[in-house]
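What follows is a set of notes on a single structure, which appears directly below.
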Amino acid sequence: MERSLSGDRRALEALVGEYQRPLYNAAYRILGNPDDAADATQSSFVKAFEHLDSYDPKYKFFSWIYRIAINEAINQSRRDRKHEPLVDNLAAVNAAPDSTVESDDLERWIQDGLMALTDEYRTVLVLRHFSDLSYREISDILEIPEKTVKSRLYSARQSMKEWLVADGIHL
Amino acid sequence: MGDQDRLETRALDLINAGIDGELDSDERSELDAILASSAEARIMQAELQKLANVLDGMPEQAPPADLADRILQRTRTPRGRIFALPRIFASSQAVPAGLAFAAGLLLTIAVYEMAPSQFSDRDVSSMVGTMVVGSRGEQLRQETELDISGPGVVGAVTLTDTGNLVVLSFDVTAERKTEIVVAMADTGLGFGGIAREAYDEANTGEYYEVSGGELRVVNERTHPFTVYLRRIDPARASSRQIGIEVIHSGGSVFQGSLDLDDQRG
């Protein structure tokens, strides 16, 4: 970290190597497509490196760069808003209501379900289930109390469950 | 009334926290008791657990193979305008006093670094207002001067060590635009800030950039400037030399170094 702060190229490469995969995955789940996720990940690193001087080593680096990446992904999502309305999207492909979802379709259903959530709900679900972070870590990244993390997670799960059931999807 | 409404908030809290592995032993026991006595709670727990399992089981996405290269190609600390500090470093003759003063200004300069777009180059009032108390009192170490001389270029750079800061004062006269490179990789030093004595609207071609452990300052002919380097991790420094290179008319015309050991003894 200290070497990165002094502009050491190899140290920056090491940071990219360590964090590009988890940040890309979080961005992918928030944005819903690989190209946007790659753009958001790239922008996040570039912004982080441009502002390394503002990073306070007292705090965890991963929280800091995750925060940048999540903000970047959400901002990009708000800019684009190019995904179709979820209910319509799902209805178009849901040929067999009340059926059990085939594994091939499962990922698409889940991603569509995520995209149907608000940014706040989607973000906590992504950080908890796709980034495997604790309440405390999510709280640090989003700069919200743990209690808020918990309540958002509960509401997000409930919303997603109800949304799936309403569209005839039984896990 | 939905499922959630029929279950007590406490039960839902515990069910969700249990799914997330965030229960302590007392809470675990409390949840077990709820599940043992409530079919509704068991159904809710099973449904939410199934959803959580599905989310946890989603495959990880591999980033594009060239993503790291794309990131690193675009990674470069931004070009910054050299901060103009008219009247503050009013005279290069008053270097010791000016440097003590400069130590006090460093945090303010760092603020400028973080958000350069929020300030104009000439706005120095807020810098004075946020001066760090106590830094004025730092004892200055002995200075070391390195003469710079090459085709079309003449001058000197003075290194002064304040303890937390290493200050390089450049006074170089050149026939044309010069690029001055300060190589500080592996010295345990990081870029802290840069300032020059006078501001000239005409010199729009001046800038600096920090990348790969090097500071590069593009300077218009004759403009003294001062560079502030912070001691980030001296214990892990493997080099005690700051390299100085001057590029003039497209070629390297001077290479030298300043030894930090001269200052720390």
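The values are calculated or read from the model by the stated rules, or taken from the named source; none is laboratory data. Quick caveat, the model's predicted, so the values are computed rather than measured. FYI the Cβ positions are ideal-geometry reconstructions off the backbone, even for glycines, and counts take in every protein chain you see.
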Exclusive hit being modelled with pLDDT of 75 or more, within 22 Å of B:Thr75 (Cβ to Cβ) and surrounded by fewer than 22 Cβ atoms within 10 Å (Cβ to Cβ), set B:Arg240, B:Arg231, B:Arg216 = B:Arg216
Go through region B:7-29 residue by residue and tally those that are surrounded by 14 or more Cβ atoms within 10 Å (Cβ to Cβ) and part of a helix (DSSP H, G or I).
-> 10
What number of residues within region B:30-69 are within 11 Å of chain A (Cβ to nearest Cβ) and assigned to a helix (DSSP H, G or I)?
-> 15
Subset of region A:10-30 that is more than 7 Å from chain B (Cβ to nearest Cβ) and within 17 Å of B:Glu60 (Cβ to Cβ) - its residue that is surrounded by the most Cβ atoms within 10 Å (Cβ to Cβ) | A:Ala27
Exactly one condition in (1) modelled with pLDDT of 85 or more; (2) in a loop (DSSP other than H, G, I, E, B); (3) of a type in the set (Asp, Glu) is not met by B:Glu201; state its number.
-> (1)
Select from region B:148-195 the residues that are free of Cβ contacts under 8 Å to residues at least 40 places away in the same chain and under 14 Å from B:Val253 (Cβ atoms) and list them in ascending order.
-> B:Val154, B:Gly155
Leading residue by the ranking (modelled with the lowest pLDDT) among those in region B:70-89 that are polar (S, T, N, Q) and part of a loop (DSSP other than H, G, I, E, B) = B:Thr77
Got a sec? Which of A:Leu133, A:Leu117, A:Leu142, A:Leu127 is within 11 Å of chain B (Cβ to nearest Cβ) and of a type outside the set (Val, Ile, Thr)?
-> A:Leu133
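Hey, which of the helices (runs of 4 or more DSSP H) in region A:68-171, taking only ones fully inside, have at least 1 residues that are modelled with pLDDT of 90 or more?
Values: elements: A:86-93, A:103-116, A:119-125, A:135-142, A:146-166.
Qualifying helices (runs of 4 or more DSSP H): A:103-116, A:119-125, A:135-142, A:146-166.
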Any pair with Cβ under 7 angstrom, 6 or more apart, that starts in region B:1-27 at a residue that is modelled with pLDDT under 90 and ends at one that is of a type outside the set (Asp, Glu) and surrounded by 15 or more Cβ atoms within 10 Å (Cβ to Cβ) = B:Asp3/B:Met44; B:Gln4/A:Gln158; B:Gln4/B:Leu12; B:Leu7/B:Ala41; B:Leu7/B:Met44
